[in-house]
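A short write-up of the structure that comes next.
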Amino acid sequence: MSDIIRLLPDSVANQIAAGEVIQRPASVIKELVENAVDAGGTQITIVIKDAGRTLIQVIDNGSGMSETDARMAFERHATSKITDASDLFSLHTMGFRGEALASIAAIAQIDLRSMRHGDSMGTRIIINGSVVESQQPEACVAGTNIMVKNLFYNVPARRKFLKKDSVELSQIMREFERLALVNCDREFTLVHNDVTLHSLRPAPMLRRIADLFGKNLDRQLIPVESDTSIVRIEGYVGLPEHARKRNPLQYLTVNGRNMRHPPFHKAILSCYERLLPPDQQPNYFLNFTVEPDTIDVNIHPTKHEIKFENEQAIWQILAAAVRESLGRFNAGPAIDFDREDVPDIPAFAPDATASHNIDTEPGYNPFRVEHSRSGAPNDWMKLYDNFNSRRADALSSAIDITADDNYSEADSHALQGELDLDLSPATPSVMQLKNRYILSPSRDGLMVVDQHRAHKRVLYEDYLRSATQGNLASQRLIFPEVLRLSPAQNAIMETLASEATHLGFDLTPTGDNTWSINASPAALADLNPRDMMLMMVEDATESGCMPGDNLRERIAIAMAENASVKPGQALSRDEMDRITGELMKLASPGYTPDGQRTFIILSLEEITRMLG
Ligand code: ADP
Ligand code: MG
């Protein structure tokens, strides 16, 4: 009987390997960008067509390859990055397996141009499904320019398996974000179907985060830093009030490599345990630096899973570092005042119709309108007492923090400690606690006002009124923003435009589902007007209802969120008086427009009871 075992031809072996390394267009982008980074590229451009189905092109200004290397690069296990097994334990590059290019070439059509710095001629190589069709000298710029066309063209089953473009594109965006985050010092451009989705300059991490995820995000993060002999941890974690129910931004990297690490993820979440409702998760961006020989990255072909030698110790260091940051920025410990049985605060009819002006200058300063508001700073005490006598004891008797199981003696000490530190003795009737709460004696106890939420409520009413009257201040953009929409979105936009004008936008249709945003509401400040318009279009699309009051509320909330004082901001006595005073004038001061409590009262009884 003849022998039956045969070695697979390379092309088949490569296709099988590709199944592991290349699951989808996003994996191609990861491998090619990592190669560009390993080659020392500082400007990396990614061009894709049809969510990567038709074309994935990565251009770098890195080292480039010689003619021979360019050909060798597509051989299986061909790598310039390690030479023997011991190198596996001191990796300084992203790649090391030497199988990415071979795998990609097995399942796509490759057109690569590369030239080393200093060479006068480069090389161009064309490969279809592992078969080298041609290689010839070609004049090109230093660096590498690789095109991967028609992914999975020769593996119909895999090609069919690709999800619809929007899904693949969002995977690509996620991968791009990860790559751009671990390489903040490099320039990245991402172009999809001729539209530039990202254009990122080299920047410090916080700036890169803002460039990637929106200008507001950097203000919602606090730094984390810890330097020990076994690990250096640095990065940012989100303030609890900006935690998310959906799609939290959570990034862990080690030595410049993205990783999934469920135990470390848990360590971070554990620090938020009492600060967040169970259905919300914080954003975080944390980098670990360890000696390369204390981790093993050789576990999984996509190299996301990483084993740490000192996992337990690092777990502890991580948890301590995050907890310390949260404590330092006064994000905790939290006492859960939000009990469900607290009744809504009954309406209080404002006695005066205050005139509300919105400053028309850019960089609207909510405190500058002092003269236009009715009432001297301390009037609010009267207002509050007035308001308070109407709602009688309903509120104070309902807030019973001693009954809260979560409230421990330790917390009481912590709170005590904070009071010792932060109460300013110079302001007898209003005090700021940890730059976050405004404390003041009220007739029946201690009023604790959340400065950010209270101010947000006050500004919201202002904006809403101005929007309704159509006199929200508008600010011309130096560079008009271009808003590109789908035909469906464009149809909605046409109905939205007049309402948006009411709010201070100046919009002109420029044809082809594109709009130019020439001016935006002044109070948007540094919120991106294009993002804001897109949000409104998407809102209207989703709800299926026509814009109107709903839209006004949405934008008023966004502007108030943006313009209000933030937790952590030191306030003067006047500013505290003003916020509290304006709040108490409102018909329903108890909650922010999105339903968070603005203040609580600790009654004397409760205080007495707590003191035992
Ligand atoms: P690995 O990155 O694991 O070494 P790859 O298959 O991704 O394996 O790449 C093979 C080799 O091709 C690399 O080791 C490197 O020498 C070379 N190479 C790939 N991409 C580039 C690039 N953009 N610039 C310079 N050299 C590259
Ligand atoms: Mg590689």
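The values are calculated or read from the model by the stated rules, or taken from the named source; none is laboratory data. Nothing here was measured: the structure is a model prediction, and the numbers come from that model. Every residue, glycine as well, gets a Cβ built from its backbone with ideal geometry; the counts of neighbours run over all protein chains shown. We work out accessible area using only protein heavy atoms, side chains counted, and drop any ligands, DNA or RNA first. Shrake-Rupley method; radii C 1.70, N 1.55, O 1.52, S 1.80 Å.
Summary table below
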quantity: Share of carbon and sulfur in the accessible heavy-atom surface of the stretch 205-329 [1.4 Å probe, %]; calculated: 48 percent
quantity: Extended-chain gain in nm, criterion 0.36 nm per residue less alpha-carbon gap, Thr495 and Arg246; calculated: 86.7 nm
quantity: Cα-projected label distance for Ala139 with Ala587, points at 7 Å along beta-carbon direction, nm; calculated: 7.4 nm
quantity: Highest to lowest packing among 504-513, 153-162, 35-44, scored as the average C-beta count within 10 Å; calculated: 35-44, 504-513, 153-162
quantity: Förster-model FRET efficiency, 35 Å R0, Arg465 and Asp194, C-beta, rounded to 0.05; calculated: 0.20
quantity: Residues of the stretch 312-331 with amide N under 18 Å of a point placed 7 Å along Cα→Cβ from Arg232; calculated: 314, 317-318, 321-322
quantity: Loop trypsin sites (Lys or Arg not before Pro), the stretch 429-503, which have at most 13 other Cβ atoms in a 10 Å radius of their Cβ (DSSP); calculated: Arg443
quantity: Exceeding the 19 Å Cα-Cα cut-off - candidates Lys434/Lys566; Lys245/Lys434; Lys266/Lys566; Lys456/Lys585; calculated: Lys245/Lys434; Lys266/Lys566
quantity: Fully extended contour minus Cα-Cα distance, from Leu7 to Ala570, at 0.36 nm per residue; calculated: 195.5 nm
quantity: Sites Met173 and Ser270 - FRET efficiency at Förster radius 22 Å, r taken between beta-carbons, to 0.05; calculated: 0.15
quantity: Environment charge at Cys140 (Cβ cut-off 14 Å; Lys +1, Arg +1, Asp -1, Glu -1); calculated: -2
quantity: Rough spin-label spacing in nm, given labels placed 7 Å along Cα→Cβ, for Arg219 and Arg609; calculated: 3.9 nm
quantity: Tensor-based shape of the stretch 10-200 (alpha-carbon gyration tensor, a/c under 1.5 rounded, otherwise prolate or oblate); calculated: rounded
quantity: Å² per residue, accessible surface of the stretch 205-329 at 1.4 Å; calculated: 47 Å²
quantity: Per DSSP, loop trypsin sites (Lys or Arg not before Pro) in the stretch 221-280 with at most 12 further Cβ within 10 Å; calculated: Lys245, Arg246
quantity: Accessible surface of the stretch 546-612 [probe 1.4 Å, protein heavy atoms]: carbon and sulfur percent; calculated: 54 percent
quantity: Within the accessible area of the stretch 10-200 (1.4 Å probe), percent carbon and sulfur; calculated: 51 percent
quantity: Residue-normalised accessible area of the stretch 10-200, expressed per residue, 1.4 Å probe, Å²; calculated: 44 Å²
quantity: Formal net charge of residues neighbouring Ser325 (Cβ-Cβ distance under 12 Å; K, R +1; D, E -1); calculated: -1
quantity: Where Cα atoms sit under 20 Å apart: lysine pairs in the stretch 10-200 separated by 8 or more or lying on different chains; calculated: 12
quantity: With DNA, RNA and ligands ignored, accessible area of Glu324 (1.4 Å probe; Å², nearest 10); calculated: 100 Å²
quantity: Dipole of the stretch 10-200 [Lys/Arg +1, Asp/Glu -1 at C-beta], most positive-end residue of Ala108, Ala78, Gly143; calculated: Ala108
quantity: Inter-site label distance for Arg260 and Val482 at 7 Å from Cα along Cβ, in nm; calculated: 3.8 nm
